[in-house]
Each structure stands twice: as structure tokens, then as C-alpha cells.
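Notes for the one structure printed next.
The values are calculated or read from the model by the stated rules, or taken from the named source; none is laboratory data. Owing to the predicted nature of the structure, the values given are computational and were not obtained by experimental measurement. No Cβ is skipped: glycine too gets one built from the backbone with ideal geometry, and neighbour counts run over all protein chains shown. Heads up: the accessible areas ignore ligands, DNA and RNA and are worked out on the full protein's heavy atoms, side chains in. Shrake-Rupley method; radii C 1.70, N 1.55, O 1.52, S 1.80 Å.
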Amino acid sequence: MDISIKESIIPIISATVAIISMLIARRSLAQSKVSARLASYNARGSYDVFLTKDSRFKRSFGDANHQVKIYSSVMSGTIDFDYEINIVAINGGIYRAQLFENIEKREYIGISTTGPELRTSIPKHSPPKEYANQGRVSFYGTPLFPYFSAAGREGDADEQDAIQLNRYHQYIEISDFCGNTEIWYLAFSLHLSRQEGDFNKAEGWRVLAKDSTPFKYYRFAAVTIVSPKDLPKNLDAALTPQQTLEEIRGSEESWQPSAQLSEGGWEAMNNKLKLYEMREYYRFMKRIKDNL
């Protein structure tokens with residue numbers, strides 16, 4: 001073969017080999033990424049649950065993810081809970097996450113399910129385009145009812161409530177793609193007041209723009225987010241018998257005046273409720289372990 005022809009063919013062959021090698025490398029890299037993404041779904045889930053405050057723009061349009069009832073009545077007015085509940089996966093992924101109530105003794109009709117029983121088509125599954133721990137889960141829901149309420153008055157002769165404390169509670173179930181499930185819980189208080197001395201913007205108080213209640217001001221306080229990892233360090237508190245809700249309030253019914261709230265204040269009652277919730281959480285987790 002002529003030397004000049006050889007000299008012209010060799011660069012072409014070298015370039016062709018380089019292109020093929022590059023394509024193979026790109027294919028291998030793409031396959032490695034797919035394998036890595038698939039592997040991330042097989043890792044045990046580890047999570048972070050937190051609240052983020054809604055933007056002023058979102059609050060101005062009243063587009064809150066959740067609202068809270070002022071009273072334990074369907075007809076009660078509501079207040080926007082202008083915080084968003086977020087779950088992100090630190091490791092593994094989130095296959096399912098849902099909120100539910102279980103801290104009160106209630107009568108249930110039927111059962112709760114995890115998804116639609118009837119589908120219009122068979123879901124198509126393809127290799128994931130992102131890692132399992134990418135993304136964020138947040139919730140929308142119906143108004144939350146308080147599981148506890150206590151009302152305080154300024155004096156024995158006062159026939160109208162001066163302050164009120166509501167406590168809200170939600171369990172959070174989080175499952176990863178391997179079938180592992182964790183139960184967390186979120187609890188927070190709503191403070192209501194018609195006393196001018198309570199209104200302090202620096203302490204989170206806001207004007208209550210509602211006509212269906214005698215209260216003028218409100219704030220959210222004493223937010224608690226608890227995971228199974230918090231049980232060991234709180235085990236002594238969880239094993240210590242706590243006061244009942246009636247004992248914490250100091251009255252049988254929520255509409256009856258609470259001297260404990262009037263005299264002890266917000267913080268003392270919030271602390272007692274936190275202990276009560278930890279005890280109930282421990283008992284709930286133990287029932288799951290013993291019966292499932």
C-alpha cells in the first residue's frame with residue numbers, strides 16, 4: 001500500500017477508535033449513574049422533618065397548606081397555620097409519607113387506606129431519573145382540630161375567657177422503598193388572648209382578624225418534632241406516669257375555666273403537654289412493636 005495512503009488512513013482509524021471509546025465511556029457512565037440511582041432506592045431511609053414559614057406573598061393570598069380550628073367544633077372558625085411541614089430524605093428515599101391522628105380515644109368508622117383501590121390504567125415504571133433522596137415532601141390537608149383546649153379568665157367574676165391555649169398533634173408516617181417505616185410526630189400550641197398586655201410582635205403575637213371569637217391576638221408556640229431517635233434520651237420521662245389531660249387543665253371539660261392556665265401561664269402548661277405527648281408516643285410505639 002502506498003505510504004501516503006497509509007498516512008491518511010491511520011489518523012482516520014485513530015479518530016474512529018477514539019470516538020468509539022468515548023461513546024463506550026459515555027454509555028458506561030450513563031449506566032453507572034442509572035445503577036447508582038437504583039442503588040440509592042435500596043438504602044435504608046433517614047429523614048429530616050422540619051417546618052418552613054410561608055412567604056409573605058403566600059400568606060397575603062391566604063393559601064396556607066393547613067388551618068387550625070379555634071374550637072373543637074365543625075362550625076368553629078379557623079386560623080391559617082402559615083408553616084409548611086417538610087420531609088427530606090438524608091439517605092434512602094421516601095416511598096410514602098402521611099399524617100394521621102391517634103393521640104385521642106376516638107371512635108372510627110371504616111379504615112384508612114394508602115391509595116386508590118381502582119386505577120384507570122396500569123402504572124408504567126421506568127428507571128428513575130433522580131436519586132432517591134432528591135426532592136421534598138410537603139402536605140396539604142383539612143383543618144386540624146385541637147386535641148386539648150384550656151381557657152383562663154382574669155378573675156372569678158369574669159364571665160368571658162381572657163386567654164386560651166389549644167394544642168394540636170399529628171403523627172407522621174414515613175416509609176422508604178425497602179419497607180422500613182418510621183413514626184414521628186409534630187405538636188404545637190395556639191395561644192389566644194384578648195388582653196392588651198399580651199400583644200407583642202417580638203414574641204410572635206399577631207392580630208386576629210376574626211369576628212367569631214372574643215379573642216384579639218394569637219400566636220403559634222411550643223413546636224415539637226419528635227423522631228424515634230429521641231426516645232432513648234427521653235425514656236425516663238416517657239416511663240414516668242403523667243397527668244391526664246383533665247388534671248393538666250384542672251377541669252373536666254374544655255369550656256370550664258382553667259385556674260392552671262390563668263395562674264401557671266403558657267409555658268407551664270405547654271411543658272406538661274409535651275410530657276404527656278412523649279408518654280403517649282412511647283405507648284403508641286410499644287403497641288406497634290408488640291402487636292405488628
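Among the residues of segment 222-237, those identified as farther than 26 Å from ALA259 by Cα, open to solvent by less than 80 Å² (accessible area, probe 1.4 Å) and not polar (S, T, N, Q) are ILE225, VAL226, PRO228, ASP230, LEU231, LEU235.
Within segment 138-150, the residues that satisfy the criterion of being modelled with pLDDT of 90 or more, part of a strand (DSSP E or B) and either closer than 30 Å to ILE87 by Cβ or out of contact with any Leu (no Cβ under 7 Å at 6 or more places or on another chain) (or both) are LEU144, PHE148, SER149.
For segment 211-251, the tally of residues that are on the phi > 0 side of the Ramachandran plot and in a loop (DSSP other than H, G, I, E, B) stands at 1.
If you filter segment 42-77 down to residues that are closer than 30 Å to ASN180 by Cα and modelled with pLDDT under 90, you find that the one that is surrounded by the most Cβ atoms within 10 Å (Cβ to Cβ) is HIS66. Note on segment 252-274: residues that are of a type outside the set (S, T, N, Q), closer than 16 Å to LEU192 by Cβ and either outside any helix (DSSP H, G or I) or out of contact with any Leu (no Cβ under 9 Å at 6 or more places or on another chain) (or both) total 4. Out of the residues in segment 191-210 meeting the condition of being outside any loop (DSSP other than H, G, I, E, B) and touching a Phe, Trp or Tyr at 6+ places or on another chain (Cβ under 8 Å), tell me which one is nearest to LYS274 (Cα to Cα). The extreme case among them is HIS191.
Could you grab the pairs with beta carbons closer than 6 Å, sequence gap of 6+ or different chains, first residue in segment 167-194 and touching a residue at least 24 places away in the same chain (Cβ under 8 Å) and under 20 Å from THR113 (Cα atoms), second one part of a strand (DSSP E or B) and among the small types (Gly, Ala, Ser)? From segment 167-194, the pairs are ILE174/ALA97.
To keep it simple, each residue is scored yes or no on (1) within 26 Å of the chain's Cα centre (by Cα); (2) surrounded by fewer than 19 Cβ atoms within 10 Å (Cβ to Cβ); (3) among the acidic types (Asp, Glu).
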position	(1), (2), (3)
PHE188	yes, no, no
HIS191	yes, no, no
ARG194	no, yes, no
LYS216	no, yes, no
GLU246	no, yes, yes
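If the condition is being closer than 19 Å to ILE172 by Cβ and assigned to a loop (DSSP other than H, G, I, E, B), then segment 65-81 contributes only ASN65.
Residues of segment 260-292 that are among the aliphatic types (A, V, I, L, M) and open to solvent by 50 Å² or more (accessible area, probe 1.4 Å): LEU275, ILE288, LEU292. Taken over segment 78-102, residues that are of a type in the set (Val, Ile, Thr) and open to solvent by 10 Å² or more (accessible area, probe 1.4 Å) amount to 4.
For segment 39-62, does any single residue satisfy the condition of being in a loop (DSSP other than H, G, I, E, B), in contact with a strand residue (DSSP E or B) (Cβ under 8 Å, 6 or more places away or on another chain) and closer than 30 Å to ALA151 by Cβ? Yes, because at least one residue in segment 39-62 is in a loop (DSSP other than H, G, I, E, B), in contact with a strand residue (DSSP E or B) (Cβ under 8 Å, 6 or more places away or on another chain) and closer than 30 Å to ALA151 by Cβ.
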